[in-house]
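The values are calculated or read from the model by the stated rules, or taken from the named source; none is laboratory data. Everything quoted here is computed from the prediction, not taken from an experiment. We place every Cβ from the backbone using ideal geometry, glycine too, and count neighbours over all the protein chains shown. What goes into the accessible areas is simple: the full protein's heavy atoms, side chains included, and nothing from ligands, DNA or RNA. Shrake-Rupley method; radii C 1.70, N 1.55, O 1.52, S 1.80 Å.
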Amino acid sequence: GWAQRTGRSLPAGTTPQPGDLVLWGGEHIGIVEAVDPQGRIHTIEGNSSNAVTRRVHDASGDGATGYVRF
């Protein structure tokens, strides 16, 4: 809600930038580390398999529901 009220919310399908937050519903958040030339989204996520991990998602963010840009 805060991101929408402050104009920082970006819809699913947007190409994120490093530093953006990637959202999967109200369940999980990651930090975009990079977007590679193939459009894959590289993230750092906490509480992922009970650890902080780097992950790579397809260009849709594997079903990301939106992004927050600071």
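By how many nm would the segment from ARG40 to GLN17 lengthen if fully extended, with 0.36 nm per residue of separation less the alpha-carbon distance?
Once the chain is fully extended between ARG40 and GLN17, it gains 7.1 nm.
Considering amide H positions built from the backbone, and no H for Pro or chain starts, which residues 5 or more places from GLY61, or on another chain, come under 5 Å of its amide H?
Hits under the 5 Å cutoff: ILE41.
Leaving out ligands, DNA and RNA, and with a 1.4 Å probe, what % of the accessible surface on the stretch 19-59 is carbon or sulfur?
Ligands and nucleic acids excluded, carbon and sulfur reach 53 percent.
Spelling out what I want: for every residue of the stretch 5-16, take phi, set θ = phi - 60°, compute 6.51 cos²θ - 1.76 cosθ + 1.60 (Karplus), and round to whole Hz; glycine and proline get x.
Result, ordered by residue: 5, 9, x, 9, 7, 10, x, 4, x, 6, 7, x Hz.
Out of every Cα pair in the chain, what percent are spaced more than 16 Å from each other?
Counting every Cα pair in the chain, those more than 16 Å apart make up 41 percent.
Using a 1.4 angstrom probe, figure out how much accessible area the chain has per residue, in square angstrom, rounded to the nearest whole.
62
Read phi for every residue in the stretch 51-66 and hand back ³J(HN,Hα) as whole Hz from Karplus 6.51 cos²θ - 1.76 cosθ + 1.60, θ = phi - 60°, with x for Gly and Pro.
7, 8, 9, 8, 9, 10, 10, 5, 4, 7, x, 6, x, 3, 9, x
All other residues with a Cβ under 14 Å from the Cβ of HIS57 taken together, and with Lys, Arg as +1 and Asp, Glu as -1, what is their net charge?
Surrounding charge for HIS57 is -3.
Order HIS28, HIS57 by their accessible area, 1.4 angstrom probe, all chains in place, largest first.
Ranked list, largest accessible area first: HIS28, HIS57.
Ordering ARG40, ARG54 by how much accessible area each has at a 1.4 Å probe, largest first, what is the list?
ARG54, ARG40
Work through the residues other than LEU10 whose Cβ is under 9 Å from its Cβ and net out their charges, Lys, Arg +1 and Asp, Glu -1.
+1
So which GluC sites (Glu not before Pro) in the chain pass both tests, a DSSP loop state and at most 16 other Cβ atoms within 10 Å of the Cβ?
Answer in residue order: GLU27.
When the Karplus curve 6.51 cos²θ - 1.76 cosθ + 1.60 is applied with θ = phi - 60°, which whole-Hz ³J(HN,Hα) does each residue of the stretch 24-34 get, with x for Gly and Pro?
10, x, x, 9, 7, 9, x, 10, 6, 8, 6
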